[in-house]
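The values are calculated or read from the model by the stated rules, or taken from the named source; none is laboratory data. Values in this document were obtained by computation on a predicted structure and should not be read as measured data. All Cβ positions, even for glycine, are placed from backbone atoms using ideal geometry, and neighbour counts span all protein chains on display.
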Amino acid sequence: MILTPHLVVSGAAEASAFYTKAFDAVEVMRMPEQDGNRLMHVEMKIGNQKLFMCDDFPEYNCGNSRSAKTLGGTPITLHLEVADCDAAMAKAEKAGATVTMPASDMFWGDRYGKVVDPFGLEWAFSTPLKK
């Protein structure tokens, strides 16, 4: 069994470019809507993990938007374990993310911090501390 996050964003093409710049993601494929304005599906890889996303299509959801930006946030945090938490957060911030929890050493043994990306999604970064 494989679990793959599937994100709904307002601006999937822009999100793909952001994730490439901020997280070294690689876009594997994209499927544009027939009119070419939105993306029905994007597959990306971050490290060796898949990430799917699509543009928001309110017309297929009873007229309701499902993107984190229009909902005012999301209860989901996407977690990245990285070699250097501080460097990964700085790269994401430079790409346009907003730091919401600066990196610090946590009692559970990780260096840990969080950002919100320009699409309203929260990302956490952790690096296990060496003892």
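Things worth noting here:
- Here is the figure for the stretch 1-41: residues that are within 22 Å of ALA124 (Cα to Cα), of a type in the set (A, V, I, L, M, F, W, C) and not in a helix (DSSP H, G or I) total 7.
- Positions within the stretch 121-131 being surrounded by 18 or more Cβ atoms within 10 Å (Cβ to Cβ) and either in a loop (DSSP other than H, G, I, E, B) or more than 16 Å from the chain's Cα centre (by Cα) (or both), in sequence order: LEU121, THR127
- Taking every residue in the stretch 68-95 that is under 14 Å from ASP110 (Cα atoms) and pairing it with any residue that is modelled with pLDDT under 95, at least 6 positions away or on another chain, yields no pair with a Cβ-Cβ distance below 7 Å.
One line per residue, one yes/no per condition, for (1) surrounded by 14 or more Cβ atoms within 10 Å (Cβ to Cβ); (2) at positive phi:
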position	(1), (2)
ASP24	no, yes
MET29	no, no
ILE46	yes, no
ASP56	yes, no
LEU78	yes, no
LYS91	yes, no
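- Any hit, the stretch 27-43, residues being without any contact (Cβ under 8 Å) to a residue 60 or more places away in the chain and within 11 Å of the chain's Cα centre (by Cα): no
- When ALA95 is tested against (1) within 12 Å of TRP123 (Cβ to Cβ); (2) in contact with a helix residue (DSSP H, G or I) (Cβ under 6 Å, 6 or more places away or on another chain); (3) in the same structural domain as MET1 (by TED's automatic domain parsing), just one condition goes unmet, and that condition is (3).
- One residue stands out in the stretch 36-67 among those that are at pLDDT 95 or above and basic (Lys, Arg): the one that is farthest from ASP110 (Cα to Cα), namely ARG38.
- The number of residues in the stretch 105-115 that are among the aromatic types (Phe, Trp, Tyr) and assigned to a loop (DSSP other than H, G, I, E, B) comes to 2.
- Exactly one residue among PRO102, PRO118 is assigned to a loop (DSSP other than H, G, I, E, B) and not assigned by TED's automatic domain parsing to the domain that holds VAL9, and that residue is PRO118.
- Scanning the stretch 66-87 for residues that are outside any strand (DSSP E or B) and farther than 15 Å from GLY120 by Cα yields VAL82, ALA83, ASP84, CYS85, ASP86, ALA87.
- Out of GLU93, GLU59, sole residue that is in a helix (DSSP H, G or I) and more than 19 Å from SER16 (Cα to Cα): GLU59
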